[in-house]
Amino acid sequence: MIAITDLLQDERLPGNYFAVDAYIKGDFEAGLIENRRGDRLLALPETLMRAIYTGIEKETGQAASLVLFNCGRWWGKNFYARFVEEVSDYYRKPLAAMEMVEFLQCLKQCWKTHGWGTFDFDMNHYQQGFLVIKIWNSPFAQQPLQAKKPACFLEAGILSAFFSQITGRQLHCVQTSCESLQADCNRFVLGLPERLKPIAAWLDEGHEHEIIMAWLCKGNR
């Protein structure tokens, strides 16, 4: 049995780094919100998010989806770098040395604390080379782009860049269901770009996530 004294030899027991009451700080009188490292955070109203999406769509037309995706990729690379630095410093070990359960819990809590909703991993298609991420209450799901298809392009870009950095491989991300279209959650499929190419046509044809994944895992339609 592990003795309490052994646990306390390191002088502290690392808790949940992204716990809301410890992570979000700031000088509220000065209008500043910061994380526990002192990096500034912004609370954006939903109407501003919608205005940004509408403005991008008006100015760039059909290229709006690509613009948002690339913005998400840039953000995702920076988010990954900051996440690794914060978590590694706090737990005093590199990200690669963390247990998978510990890493996943950190990422989930980080996502929730920043107000991006909650998410989980669907590993059912992992052996076939696909990772499915399910997100609830996403702030990116309530926007006007291409209302007949999933259109959280910014979020897809974030996930693409983040998991590309983790795996060391160039991964693409495509959304296959969206809360804005009355789906139970937002689903994103991560995989090698060439293998995800057919999804765009299947979404145009109106196929649902389960059918898309079945065809992807078979390698053809």
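Could you grab me the full set of residues in segment 87-111 that are open to solvent by less than 30 Å² (accessible area, probe 1.4 Å) and either small (Gly, Ala, Ser) or assigned to a loop (DSSP other than H, G, I, E, B) (or both)?
88, 98
If a residue counts only when it is farther than 30 Å from residue 51 by Cα and among the aromatic types (Phe, Trp, Tyr), which helices (runs of 4 or more DSSP H) contained entirely in segment 112-221 have at least 1 such residues?
Answer list for segment 112-221: 209-218.
Give the residues of segment 1-57 that are modelled with pLDDT of 80 or more, farther than 21 Å from residue 112 by Cβ and of a type in the set (Val, Ile, Thr), sorted by residue number.
47, 52, 54, 56
Here are some residues: 216, 154. Which one is under 13 Å from the mean Cα position of the chain (by Cα) and of a type in the set (A, V, I, L, M)?
Within the list 216, 154, the selection yields 154.
I'd like to check something: does segment 162-172 contain any residue that is touching a residue at least 40 places away in the same chain (Cβ under 8 Å) and crowded, with 21+ Cβ neighbours inside 10 Å?
Within segment 162-172, one or more residues are touching a residue at least 40 places away in the same chain (Cβ under 8 Å) and crowded, with 21+ Cβ neighbours inside 10 Å.
For segment 42-69, enumerate the residues that are crowded, with 16+ Cβ neighbours inside 10 Å and not charged (D, E, K, R).
Matches in segment 42-69: 53, 56, 64, 65, 67, 68, 69.
Mind telling me which of the residues 44, 66 ends up being out of contact with any Leu (no Cβ under 7 Å at 6 or more places or on another chain) and closer than 17 Å to residue 151 by Cβ?
Residue meeting the stated conditions: 66.
Evaluate the following for residue 144: is it at pLDDT below 90 and open to solvent by 30 Å² or more (accessible area, probe 1.4 Å)?
Criteria met by residue 144.
The values are calculated or read from the model by the stated rules, or taken from the named source; none is laboratory data. Note that this is a predicted model, so its numbers are computed, not measured. Cβ sites come from the backbone with ideal geometry, for glycine too, and all protein chains shown count toward neighbours. For the accessible areas, the whole protein counts, side chains as well, though only heavy atoms, and no ligand, DNA or RNA atoms are used. Shrake-Rupley method; radii C 1.70, N 1.55, O 1.52, S 1.80 Å.
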